[in-house]
Each structure stands twice: as C-alpha cells, then as structure tokens.
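A quick write-up on the structure given underneath.
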Amino acid sequence: MITIKTEKEIELLKAGGKRLALILSDLAKMCIPGVSGDELDKKAGYLMEKYSSEPSFFKYRPGPHSKPFPANICLSVNHVTVHGIPSKKIVLKEGDVVKVDAGLVYSGMFVDSAVTVAVGKVSSKASKLISVTKKALDLAIKQCLPGKRIGDIGFVVEQLARKNKFFVVKDLTGHGVGYGVHEDPFVPNYGKKGVGTQLKPGMVLALEPILALGTGESLEIEDGSIATADGSVSAQFEHTVVITKTKPLVVTELRIRNNE
C-alpha cells in the first residue's frame, strides 16, 4: 500500500535527512586507501547516535526467513552492487569504487541515501560510470512531480544509461520510504513514459539508480550481498525525495547555505 505522509511527518523526514546527509558526507571523506569497512561502520554508528538517530539497516530483515543485517551501513566495493557487509576484512585500496548506502530512523521516520566514492585514482571508465549514475539520479529527481508516473522516472535513467553504453541493474530498484526501510511502490530504473503509479503530493520515494559497466544481470553471493553477474564495476546513488505540489523535495541533500 502506498502511503501519503503528513506535513508534520515531512518535517521529521527533513530533519532526519539533514542528519543522514551530514553522516554520508563524513563517511565519503573517510573512503581512502587503508581504511577498513569496520572503521566506516563504527563511524556511522557513532554519528547516528550523535545526531539522536538510529541505523535503520542494523538487524533489518527484508523477509521472515532472512538473516538480520549485521551492520549499520551497507558497504559495497567494485563488483558488489548493494548490501555489502562492512568488516575488518574489507580494506579500501587505490582504484576501488565504493558504494556507501545508509538509512536512519529519526523520531520514528525513515530516510535512505547512498553515494559512490572513487578511492584515489580510478579507471576512466569507472570515473565516467560514477558521474553518469549521479546524473541519472539528478534526472530521476526532476521527474518527481505530481501527475508524473513511476515509468517516467525509470525511462530517464535507462535512456541515460543506454546513451553512455552502461547497463541498468534491473533486479535492484528504488522504493517508497518513510514509515519503514522499504515501502510501496517499487521504483525501477527502467520504464516507459506515462506508465505506472501516478505520483501524488505526500508520497516519499527513495530513488536509487544502479548502473554497471558490463551487465545488467546480478546474483547473490556467499555473504548475502548482491554483485554483478560478470564481476564488472557498478555505481549507486540514492536520495529520499518527497513529492510536493510544486517541486521535488530532496530531504537527504547536503545543504550548506544558512546551516540548513
């Protein structure tokens, strides 16, 4: 069921989104050679507590038979696309492409966001993949207007990927968010204009373009994370966006002006 958030709930989402933006900014700066996944995860937990919030991913179970997620954030490196588990065994090195995906709960409301970080100097293909995926998110956000449809969002992401000869990882989608980690509707990164659920003020979406260099196919690996089927590098960006009467409200965007 798709839910409509109240003005009061949207204010809480804005407050939580501000906190998550600051946290992700700090974590992105930490993504340098020699830093371990465990260090990043502990920093995330510390910052969430500092900002009077809780990690929404920790112990999260997407289904009744799923294992609880064991960390505060998802840390997915290179071919690992999403749901990577940060640990001491993961040590970042020059040339890595790192996806940092985090969610938090503030005053009962959930927000979700992700960034992809180049560790040191990466290949020209990887660098382009990162910039195109970021642009895909920007284009997707522009579609978040009342009267538009879910297919309009996926259409612009897929067209940009094809134009740049990248691949949409089709099994992984964006989603509704606000009252929980995942809500209806699914927001695929492919689609047709004018098709799908119509967007209405008060809907809240976690837009999540995920593109890869070599294939749109993915598979689950031993630790439960999802990777590209051919081992190629992937990138991910995500924002929590509120549909309003006038323009998209990106609550997880880092705002510097006037200490917003």
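Taken together, the values in this text are just the output of simple stated rules run on the coordinates, not laboratory data. Worth saying up front: this structure is predicted, and the values here are computed from it rather than measured. Virtual Cβ from ideal backbone geometry, glycine too; neighbours counted across all protein chains shown.
What's the Cα-based Rg to Rh of the stretch 130-209, Rh via Kirkwood?
Reported Rg/Rh (Cα atoms, Kirkwood Rh): 0.95.
Would you mind checking the radius of gyration and Dmax of the chain based on alpha-carbon positions, in Å?
Values for the chain (Cα only, Rg and Dmax): 17.0, 48 Å.
Quick check of the Kirkwood formula: for the stretch 118-260, what is the inverse mean of 1/r over all pairs of different Cα atoms, in Å? Working shown, then result.
Working: mean 1/r = 0.0637 Å⁻¹.
This gives a value of 15.7 Å.
What do you get when you divide the Cα radius of gyration of the stretch 10-152 by 2.2 N^0.38 Å, with N the number of residues? Mind dumping the intermediate values first?
Numbers: Rg = 15.9 Å, N = 143, 2.2 N^0.38 = 14.5 Å.
Relative to the 2.2 N^0.38 Å estimate, the stretch 10-152 comes out at 1.10.
Counting other Cβ atoms within 10 Å of each Cβ, which trypsin sites (Lys or Arg not before Pro) in the stretch 101-137 have at most 13 and sit in a DSSP loop? Before the final figure, lay out the partial values.
Details: sites: 121, 125, 128, 134, 135; in loops: 121.
Here the sparse-neighbourhood loop sites are 121.
Could you tell me the largest-minus-smallest coordinate of the C-alpha atoms of the stretch 39-94 on each of the three principal axes, in descending order and whole angstroms?
Cα spread of the stretch 39-94 along its principal axes, largest to smallest: 33, 32, 16 Å.
Just to confirm my numbers, what's the Cα centroid distance between the stretch 118-154 and the stretch 161-228 in Å?
One Cα centre to the other: 11 Å.
How long are the semi-axes of the equivalent ellipsoid of the stretch 181-260, defined as square roots of 5 times the Cα gyration tensor eigenvalues? Whole Å, largest first. Intermediate results must be reported in sequence, preceding the final value.
Working: eigenvalues 163, 67, 29 Å².
For the stretch 181-260, the semi-axes come out at 29, 18, 12 Å.
Within 10 Å of each residue's Cβ, count the other Cβ atoms and sort 197, 252 from fewest upward. Before the final figure, lay out each step's value.
Numbers: 197 16, 252 26.
With the sparsest Cβ surroundings first, the list reads 197, 252.
Calculate the dipole size of the chain relative to its Cα centre from +1 charges on Lys and Arg beta carbons and -1 charges on Asp and Glu beta carbons; express the result in debye to the nearest 20. Kindly include the intermediate steps, with their values, before the conclusion.
Values: 35 positive and 28 negative charges, 178 e Å.
For this selection, approximately 860 debye.
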